[in-house]
Amino acid sequence: MRPLQRHPRLLGFGIFLALLIALILLWDWNWFRPLVEHQASAALGRKVTLGHFDVYLARHPQLVADKIAIANPDEFPVDSSLATVDRLAIRIAPWELLHHHVQLDEIAIDRPLGDLKPGPSGTPNYQFKADDTSASSTTSPWLVDLDRLIINDGDIHLFDPKLKSDFRLGITTDDRGDEGHIVVTIDGTYAAQPISGRFIGGSVLGLRDPANPYSVDLKLANGATKVSLQGTLLQPARFGGADLKLELQGNDLAALYPLTGIPLAPTPPYRLTGDLNYAPKRISFNHFAGSVGSSDLSGDLSVDLHGSKPRVTATMLSNKVVLADLAGFIGSTPGKADAANESKQQQQQHQQQDADPRLLPDTPINLPKLRSADLDIQYKATHIDSEATPLDNIVAHLKVEDDQLSFQPLSFAVGAGSIVLNIKLDGRQDPVHTVADIDFRKVDLHRIMQSTKLFEGAGTIGGNAKLDTRGNSLSKMLGNGDGELKLAMSGGDMSALLLDLAGLDFGNGVLSALGIPRQAALRCMVTDFALTQGVVDTRVFVFDTTEANVTGSGKINLRDEQLDYRLATEPKHFNVGAFRAPILIRGPLKDPNILPDPATLAVRGGAAIALGILATPLAALIPTIQLGLGKDHNCDELLQSVNTAAAQPATADKHRDKRSAKNAQKSK
């Protein structure tokens, strides 16, 4: 007998093996297409269709699907797709699946196309529902590794009217040393500004191999904003660390908001370079340095993404800051008008600002931006470069938390003294509710006079101011506010130019203007202004010097930005050339008219009489004077003269009453 006939079992196994080989060779793997579609649709929560499915058997088999389409949500047209792929080929190591390890030798994607946009309800079509079953699974996590990625002719279109964006991403891989570097280009508009850029990333092997860091080379331009990022990432999928250099350049730091989600005040043109690092839900920009306008800026900044909105923490320093570069914080155009790096837009804004008859900035606070992130920023400027202000340095601590902004403190040094502000803005309300408290602590008059370059002086100023208001811009805040300002100055001397011009003593004023000032010893100055619904009213305004007493009265309407003020002098020395007429300061805040009062020209002023009228308010200011100037000050003599002046009318009334009583007795 033949061998196979002697062993029927061996014959049966041979027939089964032959049939199995024939089945494998002749099997149509496309029969599994409905099963693959069902599994993919269940995983994505969106209908997935395949044109054809096949498996090429080998030691590492290859799974191939053609004409893949991922459907849009139900609110989109039935025949529309979120994404399509001409061909997807995946080569896998099957035996690794036994160890819960998905080893993908290669993924090749031909012509992946995407059309990402919001539907009629506003919900983006790329927003998928979370898979609740995966969260409750108790099985061990699968480890997925990919050795090689190939993408050909990828094109993703993204349209979002809320972001004012419409751009395309071109995606492909560039074989460099058989590693498959990914190349992404971007072109279109983002945040209503042109956007273009190119990203070259390392091979997928660098995503997990510490010995082969993942290279990054990004160049991006969004309007005037330019971003450059170069360096390497160490195991980026596992947050292994980074060695990245980030350079930011543009016309306005506020324009970074659409790209970063960080709300910043408007600034002049800037350029900053530093180290970018990352950790799970945390990004940091460390050791950055550069310029903002005509000022330098350096420091560290980090963004924590663990909460419901980003939390930004920063410590920043300027060795020299030009005060105009910070004007964006109060809603004004930032930067010096003649700065070499000023953008055309800022040039136009400065021109419009100069032509505007109003002085106070009316740019509204952007409440959505204020509410978009929490901030904790500490800033220090060791030197202020400004010809128009007497400030020497800045120390600021800015916090935004729960939609409430605070500066606690915002401090400016003035000579040996300081101006300290504590400000709170409640962004939960619209309009914003603002409360501010300002302390003037031993402010050096000499430093103030230096900045004016008109006349010299010495002395110490102290006092405080309070503001309680509602409004979304500086103009609205001051125009609707209630509060007060109390200032006192003691000691030293000041140029007689101010006093002589106030009294229209032209001869001495001209001599002072020519640099030959006649000094006047200042005994005391006291001012007390009340702010009610945007109108400043004078309760006390008096200068007491060896040359003259000067009193002020009138109103300043911050709502309409109009001045109606009067200065009167009583000279303490005889001068034939002095007109002794009150000075009227009237008109818009930005350009008031200063002229003598025509109704009282050549009529003697009445500063001494005014002192009597101001007696009661002055007495009430004694605690403020002592707090702002210290115990040793020169206002005692002024207060004493005021009390004497106030007592004179009371004494006259007493004598008049006695005479009336005697006359009444005689008549009886």
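Overview of values
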item: Of Lys162/Lys476; Lys245/Lys281; Lys67/Lys164; Lys424/Lys590; Lys309/Lys424; Lys309/Lys399, those spanning more than 23 Å from alpha-carbon to alpha-carbon; result: Lys162/Lys476; Lys67/Lys164; Lys424/Lys590
item: Nearest-0.05 FRET efficiency for Thr315 and Val183, computed from C-beta distance (R0 35 Å); result: 0.40
item: Global geometry of region 201-316, whether rounded, prolate or oblate, following the gyration tensor of its Cα atoms and the 1.5 cut on a/c; result: prolate
item: Simple spin-label estimate for Asp482 and Lys67 in nanometres, 7 Å along Cα-Cβ; result: 7.6 nm
item: Footprinting exposure proxy for Tyr270, Tyr257 (fewest neighbouring C-beta atoms within 10 Å first); result: Tyr257, Tyr270
item: Cα centroid separation - region 413-438 against region 324-391, whole Å; result: 17 Å
item: Neighbour-count order for Met489, Met525, fewest beta carbons within 10 angstrom listed first; result: Met525, Met489
item: Taking Asp528, Asp591 and counting other C-beta atoms within 10 Å, the order from fewest to most; result: Asp591, Asp528
item: Using a Förster distance of 56 Å, the FRET efficiency for His157-Arg559 (Cβ separation, nearest 0.05); result: 0.65
item: Calculated FRET value between Thr546 and Asp362, using beta carbons and R₀ = 35 Å, to 0.05; result: 0.20
item: Built amide H within the under 5 Å cut-off of Ala337, gap 5+; result: none
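Each reported figure results from applying straightforward, stated rules to the coordinates on display, with no laboratory input. Model, not experiment: these values are computed from the prediction. Using ideal geometry, Cβ is built from the backbone for each residue, glycine included, and neighbour counts are taken over all protein chains shown.
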